[in-house]
Amino acid sequence: NSFKREPSKGLILAYSVAEGVFVGALSMVIDSMYPGVAPQAVLGTICVFALTLALFKSGKVRATPKAMKFFLIAMVGYLLFSLVNLGLTMFGVLDNQWGMRGMDISIMGISIPLGVLIGLVAIGLAAFSLIMDFTSIDEGGKAGVDAKDAWTAAFGLTVTLIWLYVEILRVLAILRGQE
């Protein structure tokens with residue numbers, strides 16, 4: 001749907017249902033391993049969304065061209081890390097369920113799972129992606145774009161919120177696994 005010229009309501013709804021089933025199943029599995037993390041992730045997602053929206057509405061944060069370039073570079077870096085991590089985990093090079101994310105690093109004598117640091121970066125990227133979504137919605141509203149394009153904006157916002165939720169869920173699970 002991201003590459004279609006015209007938004008398809010059917011595709012957007014089907015994607016949303018499939019994504020809901022996937023995220024529900026993932027939440028159930030992670031919450032069975034680490035009880036209570038799914039509701040915490042929901043609360044965390046709502047808090048990040050609300051804070052990001054408040055900062056956007058106040059004008060304190062904007063999607064400037066310079067910030068967009070930084071975001072693109074950071075996203076490519078995050079994608080490369082995620083693909084390498086997935087490959088190393090799938091092919092048995094790393095036996096930790098989180099791959100490199102489960103490895104501990106030491107910062108000033110404090111042992112911290114790499115996944116927590118990477119997760120915080122990903123949460124920041126997802127929050128900035130929300131800023132981009134809000135900017136797109138705001139500019140579209142001001143330009144008077146057709147109502148059918150609201151489906152595209154809703155699709156983008158949904159994808160970003162699910163990404164944010166999954167990242168928060170992963171960070172919480174990694175932290176709980178360290179207990």
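The values are calculated or read from the model by the stated rules, or taken from the named source; none is laboratory data. Since this is a predicted model, take the numbers as computed values, not measurements. Neighbour counts run over all protein chains shown; Cβ positions are idealised from the backbone, glycine included. For accessibility, only protein heavy atoms count, side chains too; no ligands or nucleic acids. Shrake-Rupley method; radii C 1.70, N 1.55, O 1.52, S 1.80 Å.
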| message | Using 0.36 nm times the number of residues separating VAL145 and GLU19, minus their current alpha carbon distance, what extension gain do you get? | response | 42.7 nm
| note | One finds, for LEU117 and LEU11 with R0 = 35 angstrom and r their Cβ-Cβ distance, a FRET efficiency to the nearest 0.05 of 0.45
| message | Rounding to the nearest 10 and keeping the result within 0 to 90°, find how far the Cα-based axis of helix 37-58 lies from the longest principal axis of the chain. | response | 40 degrees
| field | Within the chain, longest stretch free of exposed chymotrypsin sites (Phe, Trp or Tyr not before Pro) [DSSP loop, at most 15 other beta carbons within 10 Å] | value | 92-179
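Between ALA154 and SER106, what length comes free when the chain is fully extended (0.36 nm per residue of separation minus the Cα-Cα distance, one decimal in nm)?
On the way: separation 48, 0.36 × 48 = 17.28 nm, distance 4.08 nm.
My answer for the length gained is 13.2 nm.
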| said: How much accessible area per residue does segment 1-139 have, counting only protein heavy atoms and a probe of 1.4 Å, in square angstrom? | reply: 63 Å²
| Eligible lysines near LYS69 by straight Cα distance, threshold 28 Å, same-chain separation 8 or greater | LYS4, LYS57, LYS60, LYS142
| So what's segment 41-119 giving for Cα Rg divided by 2.2 N^0.38 Å, two decimals? | 1.44
| field | Rg followed by Dmax, in Å, when segment 92-138 is reduced to its Cα trace | value | 15.3, 46
| said: Starting from the Kirkwood Rh over alpha-carbon pairs, what translational D in µm² s⁻¹ does segment 96-179 have by Stokes-Einstein at 37 °C and 0.692 mPa s? | reply: 224 µm²/s
| note | As straight-line cross-link partners of LYS9, the qualifying lysines (C-alpha separation under 20 Å, not fewer than 8 residues apart within one chain) are LYS148
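Over segment 1-45, what percent of the accessible surface lies on carbon and sulfur atoms, probe 1.4 Å?
Numbers: 2100 of 2970 Å².
Carbon and sulfur atoms account for 71 percent of the accessible area of segment 1-45.
When the Kirkwood radius is taken over all Cα pairs of the chain, what Stokes-Einstein diffusion coefficient follows at 25 °C and 0.890 mPa s, in µm²/s?
Working: Rh = 18.0 Å.
Diffusion coefficient, whole number: 137 µm²/s.
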| request: Normalising by the residue count of the chain, find the relative contact order in percent from Cα pairs under 8 Å and 6+ residues apart. | output: 32 percent
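Helix-only estimate, please: 222 nm mean residue ellipticity of the chain, summing -39500 (n - 2.57) across DSSP H runs of length 4 or more and dividing by its residues, to the nearest 500. Before the final figure, lay out the partial values.
On the way: 5 runs with 131 residues, N = 179.
Estimated from H runs of four or more residues: -26000 deg cm²/dmol.
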| query | At a probe radius of 1.4 Å, what is the per-residue accessible area of LYS57, in Å² to the nearest 10? | reply | 150 Å²
